[in-house]
Amino acid sequence: MIKGFLAKLFSKYINFKNKDWIKNPIKYQNLIFKDLIKKGLNTRFGVDNDFKNIKSYQDFVKKVKVRDYEDIKIYIEKILSGEKNILWPGKPLYFAKTSGTTSGIKYIPITKDSIKTHINPARDSILNYINKSGNTKIAYGKHIFIQGSPILKNKNGVLLGRLSGIAAHYVPKYMLRNRMPSWETNSIQDWEKKVDAIVKETKDKNMTIIAGIPSWVQMYFEKILIKTKKKIGDQFPNFSLFIYGGVNVEPYKLIFKKLIGRNVDTIEVYPASEGFIAYQDQLNDKSLLLLVNNGIFYEFIEASKFHDKNAKRYNLSQVKIRVNYVIIISTNAGLWAYNIGDTIEFTSLKPFRIKVTGRISHFISAFGEHVIGSEVEKALSFGLNNHKSNIFVREFTVAPNIDSKKNSSYHKWFIEFDKIPKDLKSLEKNIDLSLQEQNIYYKDLIKGKILRRLVVKAVEKNSFSNYMKNVGKLGGQNKVPRLSNDYKIASYLEKYVINKD
């Protein structure tokens, strides 16, 4: 009883502490902006970009252009070679290794100032849940986050590793006895062997919180089911909170309901190697509370205009709801006007809440339709919910199938089902109707007979994990792109297609 009482007390304290920045977001963003410029003044980047003459946000926009990883790579390489005071005073504590589409491996700095901005929001998301739900039972059981290895490498005084592996070194002492898996199991490099070891270690434990990217948690659940012949909700009777991030959980909802066998509460979080950006703070609202007092200064560019020359940048005081923005951040890790590649929409301005809509690099616009991630996810959910029989999606991706003949091009969906539905044509129709309803450009192309209705191709089980293994991205924080503007992923999956006609 003591642990639950203390958890509730601590959750109330954190809730009270956070109220001020939630109610006064612009004030805190201005304070963060001034502090970042002050700290960056005498760095190599600060000198190169005339920080001494930045007195306002307008000055910052004029002097500091929006950058992606390729634009800061020269600075990162200086730090990796051992130089100090390059992007931020001193040297980073860590580099979080993450995979890029054009840059290969990316090294994202984490500093002494920024490490707490990764750790504290993860804690606060759980404490906020306890405060809102009153569920203190989760404090008495075991907690697991399906994550990367905590083994780090040293490069000229800076430790290198995956963000989740770095975070494993900062689990609060009061949670160490609850944390699973063991350090040894968590350190296994081979992803499939690691999941097998996690299953063996956790299957008989009192699990109350399970967290991770949905596709990898799904793999864990399926292995538990095979091993125990029980649904997750029966094997773990006190399991009551699923924390996820990285991808939209909606396409997985039906299969998770089947695997778990009962309802559990969920929290979505939005952590990135570049910073912890938001978490779900309401039980009945899936929007995410933007963390405006977390060492990050935010800017936004309308996604539809992102590639325009001199596209307008907006700070938090200038944004509107229901506009698709590319999110740009400057952080106390030394990232400046940095494009992390994600797109978001604001669902509320008081307080600032968002939903993640996709990746600026993951879209289909082979014909000017600019279909984005949130649209295909919503369309798939609509199709599944309106299908005659229960069907479950394990994974999916969409690519353009281009043909020079009129009305012969279309969007091809590759879906890995739990069990292949008999009536795929009905599913195709409903997905397509939803997509047309959401995206006027796509609808016009269909009506103008530039595109024909999308086609669904069912692929064999484990097709996507085979693809991820083939490209060296199985496990950890890696995710299958929902959308491609080319046929690279699709060409690999073609050999696994079941319905060839």
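Could you please find all residues in segment 253-275 being under 19 Å from residue 326 (Cβ atoms) and out of contact with any Ser or Thr (no Cβ under 6 Å at 6 or more places or on another chain)? Even if it seems obvious, please write down each step before you answer.
At the first step, the residues of segment 253-275 found to be under 19 Å from residue 326 (Cβ atoms) are 270-275.
Selection gives 270, 271, 272, 274.
Within segment 7-25, restricting attention to residues that are open to solvent by 60 Å² or more (accessible area, probe 1.4 Å) and in contact (Cβ under 8 Å) with a residue 12 or more places away in the chain, the residue that is farthest from residue 142 (Cα to Cα) is 23. Of all the numbered requirements in (1) of a type in the set (Lys, Arg); (2) in a loop (DSSP other than H, G, I, E, B); (3) under 28 Å from residue 192 (Cβ atoms), residue 422 misses one, and that requirement is (3). Working only within segment 344-374, note down all residues that are under 19 Å from the mean Cα position of the chain (by Cα), outside any strand (DSSP E or B) and over 17 Å from residue 414 (Cβ atoms). Once the filter is applied, which keeps residues that are under 19 Å from the mean Cα position of the chain (by Cα), outside any strand (DSSP E or B) and over 17 Å from residue 414 (Cβ atoms), segment 344-374 yields 360, 361, 374.
Per-residue answers, yes or no, for (1) acidic (Asp, Glu); (2) under 23 Å from residue 215 (Cβ atoms):
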site: 107; (1), (2): no, no
site: 154; (1), (2): no, no
site: 165; (1), (2): no, yes
site: 189; (1), (2): no, yes
site: 192; (1), (2): yes, yes
site: 197; (1), (2): no, yes
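Selection of segment 411-464 for residues being β-branched (Val, Ile, Thr) and open to solvent by 70 Å² or more (accessible area, probe 1.4 Å) yields 420, 440, 450. Within segment 1-39, which residues are among the polar types (S, T, N, Q) and either in contact with a strand residue (DSSP E or B) (Cβ under 7 Å, 6 or more places away or on another chain) or in a helix (DSSP H, G or I) (or both)? Answer for segment 1-39, where residues must be among the polar types (S, T, N, Q) and either in contact with a strand residue (DSSP E or B) (Cβ under 7 Å, 6 or more places away or on another chain) or in a helix (DSSP H, G or I) (or both): 11, 15, 18, 29, 30. Within segment 375-419, if we keep just the residues that are of a type in the set (Phe, Trp, Tyr) and not in a strand (DSSP E or B), the residue that is modelled with the lowest pLDDT turns out to be 392.
Any residue at all in segment 82-99 that's modelled with pLDDT under 95, β-branched (Val, Ile, Thr) and surrounded by fewer than 21 Cβ atoms within 10 Å (Cβ to Cβ)? Yes. Filtering segment 252-266 to residues that are within 22 Å of residue 376 (Cα to Cα) and touching a residue at least 60 places away in the same chain (Cβ under 8 Å) leaves 252, 253, 254, 255. Out of all the residues in segment 467-486, is one or more open to solvent by 40 Å² or more (accessible area, probe 1.4 Å), more than 23 Å from the chain's Cα centre (by Cα) and either within 30 Å of residue 198 (Cα to Cα) or not small (Gly, Ala, Ser) (or both)? No.
Where strands (runs of 3 or more DSSP E) fall wholly inside segment 240-286, the ranges with 2 or more residues that are open to solvent by 50 Å² or more (accessible area, probe 1.4 Å) are 265-272.
Restricting to segment 330-341, give me the number of residues that are in a strand (DSSP E or B) and surrounded by fewer than 22 Cβ atoms within 10 Å (Cβ to Cβ).
Just the residues of segment 330-341 that are in a strand (DSSP E or B), to begin with: 330-331, 338-341.
Those left that are additionally surrounded by fewer than 22 Cβ atoms within 10 Å (Cβ to Cβ): 339-341.
Within segment 330-341, residues that are in a strand (DSSP E or B) and surrounded by fewer than 22 Cβ atoms within 10 Å (Cβ to Cβ) number 3.
The values are calculated or read from the model by the stated rules, or taken from the named source; none is laboratory data. Quick caveat: nothing in here was measured; it's all calculated off a predicted structure. Quick reminder, even Gly has a Cβ in these numbers, built from the backbone with ideal geometry, and neighbours come from all protein chains shown. What goes into the accessible areas is simple: the full protein's heavy atoms, side chains included, and nothing from ligands, DNA or RNA. Shrake-Rupley method; radii C 1.70, N 1.55, O 1.52, S 1.80 Å.
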